[in-house]
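Below you'll find the structure, written out as structure tokens, and then a few comments.
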Amino acid sequence: MPVVKKFMLTVFLTVIFIQTPTCQPNLLTISQEIILPIKTPFDMPQLQRPEIPVRQFDIRDYGAKEGGVVKNTKAIKTAIEAASRTGGGTIIIPKGKWLTGAIHLDNNINLHLTKYAELLFSQEVEDYLPVVFSRHEDVECYKYSAFIYANGKTNIAITGEGTLNGQGKPWWKFKVEKISSEQLLFEMAKIDVPVEKRIFDGTDGYELRPAFFQPMNCKGVLVEGVTFLFGAFWTITPTYCENVIIRKIKIITWGEYGDTPNGDGVNPSSSKNVLIEDCEFNTGDDCVAIKAGRDKDGIRVGRPSENIVIRNIRGLSGHGGIVIGSETSGGVRNIYAVNCQFKGTDRIVRIKTARGRGGIIENMWFANLTGDDILKEAIHLNMLYTPQGPPSKRMPAQPVSQSTPMIRNIHFENIKFTQGKSYAIELLGIPEMLIENISFNSIAASGEKGINFSDVSGIRIHNAKFNSNISPILTITDGENISIDSVTFSAHQNPLVKIEGENSKNIVIRKTNILNTDTVISTGVNVSKQAVKFEE
């Protein structure tokens, strides 16, 4: 072969190799690290990472400029399009700072941030147009694109050791200055304005903050290894998704940069088969909050969140460690949280809903949880939730309808915590729909107050110790079928127990240090003297 032709052939092959470094069409999992088997009290599949083609697409090959000044939105989009044409691949974000607007993932795409890589998201609203189909506070609408978005895609991932920096502060003023936008959205949903007409693109000043990562209607979603900093709104919110794995990530929405309003960590919304594990949260709002639609709009959609496992997570700050609601209209069921630690969060477990939300909250297990310096109620189940201000009034009872919420079949085991000036455990039902079938086993609590039950039925506390500074330690209002067994109460003064409400009945206290009815005050209309029974 002549030397010139041989040289040209060599250059040609070299160019092909550089453009597509790995051309094999075979699929490989993103990481070889084994995900431990998922063992739950309910049926749930063993989740696997999505399979992504091994081909790599470095954004520098598509015009990306490092430094955090030049916007690389087009370069990243071009790299994703190139990968998609070949059936998918891994988009490489190299070491350095890379400024970008909205990123839209496609089928079989892994956005991979190498060590010391940092994606900086633009603070200009026009970089998140056109509007996309979303849920905002779990009401459907069209608003600015999430920083990273996908709709109807299969096998998508965000992986690596790098950082996604939302730079969200300019958006935070929307919470106050654009409050009428959220109010307008909720009113639109209330009067059944079609979703396609709920458009918040800045016209007439109506605009809504984007989520950080919001996959919609996706199947096979992975987020692993990366760090998220300070978005505009909720951080990771898989919505209408199935088979989602979120593991070994850090989310920070509270700190020196400020406090992200609604800066939740991970918010699965009407999603199925979700694993959240080995994550660390330092948030200004909830660490993990499971959603299922809000009020009339959520009832219309009618899609539950179900089969969700949360294990080995750490919460360093936040309103709640593990939270259900308050958007519960499609129902939330089959939740298993195990081996989690919290320090300085407002609560450990919080389940919140309200009249008008509807939805059944059921079949949940919380085991091996610890909490240090918990600021408010450590375990709080509340059907009288209001976003601001005091709880709604429990009385009078209201007619039961499709919008009446329900909480039942929740189990707590081996929970240890110290808490501040509120209750260790508080359950607040509503008289027309009691909180039902809640069990506590092996609880060790120390703090200001003990237990407060209202409008409940079928509550069991076994093998527990409550050390409180304020009496009574146990207060029951309109509670029935309650068993307190092998429980030690300690306080500085009597009474230890207070029973009130004419519907309180069938309360059995056995094997405790409360053996004298003189320590019980029964108040209210027609409280039966037989409401409480003591047994050795």
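The values are calculated or read from the model by the stated rules, or taken from the named source; none is laboratory data. Fair warning: this is a prediction, and the values are worked out from it, not measured in the lab. Here Cβ is always computed from backbone atoms with ideal geometry, including for glycine, and neighbour counts include all displayed protein chains. Keep in mind that these areas ignore ligands, DNA and RNA; they rest on the heavy atoms of the full protein, side chains included. Shrake-Rupley method; radii C 1.70, N 1.55, O 1.52, S 1.80 Å.
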Top-ranked residue of the stretch 301-317 - restricted to ones that are open to solvent by less than 10 Å² (accessible area, probe 1.4 Å) and of a type in the set (A, V, I, L, M, F, W, C), ranked as farthest from N363 (Cα to Cα): I313
Subset of the stretch 524-536 [open to solvent by less than 70 Å² (accessible area, probe 1.4 Å), at pLDDT 65 or above and over 15 Å from V487 (Cβ atoms)]: A531
Residue among I199, I246, I251 that is touching a Gly at 6+ places or on another chain (Cβ under 9 Å) and touching a residue at least 12 places away in the same chain (Cβ under 8 Å): I251
Unmet requirement for E81, which otherwise passes all of (1) in contact with a Leu (Cβ under 9 Å, 6 or more places away or on another chain); (2) open to solvent by 10 Å² or more (accessible area, probe 1.4 Å): (1)
Close pairs (9 angstrom Cβ cut-off, 6 or more residues apart or separate chains): over 19 Å from F366 (Cα atoms) in the stretch 318-330, hydrophobic (A, V, I, L, M, F, W, C) and surrounded by fewer than 24 Cβ atoms within 10 Å (Cβ to Cβ) anywhere: S329/I299; S329/V301; G330/I299; G330/V301
Qualifying residue in the stretch 472-487 (condition: in contact with a Pro (Cβ under 6 Å, 6 or more places away or on another chain) and modelled with pLDDT under 95): yes
Residue match in the stretch 130-150 (condition: farther than 16 Å from P215 by Cα, free of Cβ contacts under 8 Å to residues at least 60 places away in the same chain and over 22 Å from the mean Cα position of the chain (by Cα)): no
Qualifying residue in the stretch 82-92 (condition: hydrophobic (A, V, I, L, M, F, W, C), more than 16 Å from R55 (Cβ to Cβ), modelled with pLDDT of 95 or more and assigned to a helix (DSSP H, G or I)): no
Conditions (1) open to solvent by 10 Å² or more (accessible area, probe 1.4 Å); (2) more than 25 Å from I425 (Cα to Cα): number failed by C279: (1)
Matching residues, the stretch 115-131, being open to solvent by 10 Å² or more (accessible area, probe 1.4 Å) and in contact with a strand residue (DSSP E or B) (Cβ under 6 Å, 6 or more places away or on another chain): E118, L120, V131
Members of the stretch 146-186 that are small (G, A, S) and open to solvent by less than 40 Å² (accessible area, probe 1.4 Å): A146, A150, A157, G160, G162, G166, G168, S181
Residue in the stretch 132-145 that is nearest to P387 (Cα to Cα), counting only those that are charged (D, E, K, R) and open to solvent by 10 Å² or more (accessible area, probe 1.4 Å): E137
Test: residue in the stretch 457-475 that is over 20 Å from E413 (Cβ atoms), open to solvent by 10 Å² or more (accessible area, probe 1.4 Å) and without any contact (Cβ under 8 Å) to a residue 24 or more places away in the chain: yes
Selection count where residues are open to solvent by 10 Å² or more (accessible area, probe 1.4 Å) and of a type in the set (A, V, I, L, M), scope the stretch 418-444: 4
The stretch 476-495, subset within 18 Å of G420 (Cβ to Cβ) and surrounded by fewer than 16 Cβ atoms within 10 Å (Cβ to Cβ), residue farthest from the chain's Cα centre (by Cα): H492
Cβ pairs under 6 Å, 6+ apart, first in the stretch 485-513 and within 16 Å of I473 (Cβ to Cβ) and among the aromatic types (F, W, Y), second outside any strand (DSSP E or B) and open to solvent by less than 60 Å² (accessible area, probe 1.4 Å): F489/I473; F489/L496
Scope the stretch 335-365; condition open to solvent by less than 30 Å² (accessible area, probe 1.4 Å) and polar (S, T, N, Q); matching residues: T345, T353
Test: residue in the stretch 65-77 that is farther than 27 Å from F233 by Cα and assigned to a loop (DSSP other than H, G, I, E, B): yes
Pick from the stretch 257-271, criterion among the small types (G, A, S) and crowded, with 21+ Cβ neighbours inside 10 Å, ranking: nearest to E137 (Cα to Cα): S269
Residue within the stretch 381-390 that is out of contact with any helix residue (DSSP H, G or I) (no Cβ under 6 Å at 6 or more places or on another chain), under 25 Å from L275 (Cβ atoms) and either open to solvent by 40 Å² or more (accessible area, probe 1.4 Å) or not β-branched (V, I, T) (or both) present: yes
